[in-house]
Amino acid sequence: MFKKNKKIIILVITVIVVITLMSYQKINIWFQNSNYMTRESIQVAVMGHVDIDIVENGESVDELEDIFSDIILSEDDNRIKVGKKYKKQLSVRCVENSIGMYARVVITKRWLNKEGNTTGISPELIEVELSNNGWFIDEKNSTSERIIAYYPKIIKANETIPFMETVSISSDIDKLVKLEKNESAEGTIIETDKIFDGLHADVNIQASAIQAENMTSEALKEAWEADLNIDENGNLSLK
């Protein structure tokens, strides 16, 4: 029975990016050391152990002070360029001594105000590029705010699979900046509506794993609430 043979590990990291609009087509972004990680383990089986980790450059993310610190340091003026894709390769890893696992990542993107409440600004302005190595998106359950992706193959112990390649702020952000031209004795004065002042670009990454041994489509649906097939080779696909 599945409930006696299931183990789910969930790993979450949240990265908050504070964004201030300085002038038209120029956005200043700095990063707070506010990312955190928690683990939730549902273990009702003794037949095997499975554990998942999120890594960057071979290091566990929870061992890094700020996983986005290298991005801000890569620019001479300490400003993130709108529309520029910044390399941010993150991977999932089946921890050593674990049995094989299936992996899912959920990436949530939101614009938050100073009070931490969601705003009406489109989360699509925060762009995340997934790795082109087999991950498939659950389009039915994904939204503009949330990307749900599965890796189709069984990930073996100590195996590392990249899932994210780049992060960026879309150049379409400029379309939301209102320009006002006022004529004066000194000439034309252009003012901008700083609608992004004090807002946070919040990126939450959740990685979860389920043991592959003795797994069924019904069990996956119970755990992940998704309609997935498992073929004769143990590969996942959407129904």
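The values are calculated or read from the model by the stated rules, or taken from the named source; none is laboratory data. This one's a predicted model, so the numbers in the text were calculated from it and none came from an experiment. Cβ sites come from the backbone with ideal geometry, for glycine too, and all protein chains shown count toward neighbours.
When residue 82 is tested against (1) loosely packed, with under 15 Cβ neighbours inside 10 Å; (2) at pLDDT 50 or above; (3) closer than 20 Å to residue 200 by Cβ; (4) not acidic (Asp, Glu), just one condition goes unmet, and that condition is (1). Take the stretch 199-239 and flag every residue that is within 16 Å of residue 50 (Cβ to Cβ) and among the charged types (D, E, K, R). Answer for the stretch 199-239, where residues must be within 16 Å of residue 50 (Cβ to Cβ) and among the charged types (D, E, K, R): just 213. Just to be sure before I move on: is residue 126 buried (at least 19 other Cβ atoms within 10 Å of the Cβ) and at negative phi in the structure I sent? For residue 126, the condition - buried (at least 19 other Cβ atoms within 10 Å of the Cβ) and at negative phi - is met.
For the stretch 130-142, a residue qualifies if it is loosely packed, with under 15 Cβ neighbours inside 10 Å and among the acidic types (Asp, Glu), and exactly one does: 139. Within the stretch 89-103, can one find any residue that is among the basic types (Lys, Arg) and at pLDDT 75 or above? Yes - at least one qualifying residue is present in the stretch 89-103.
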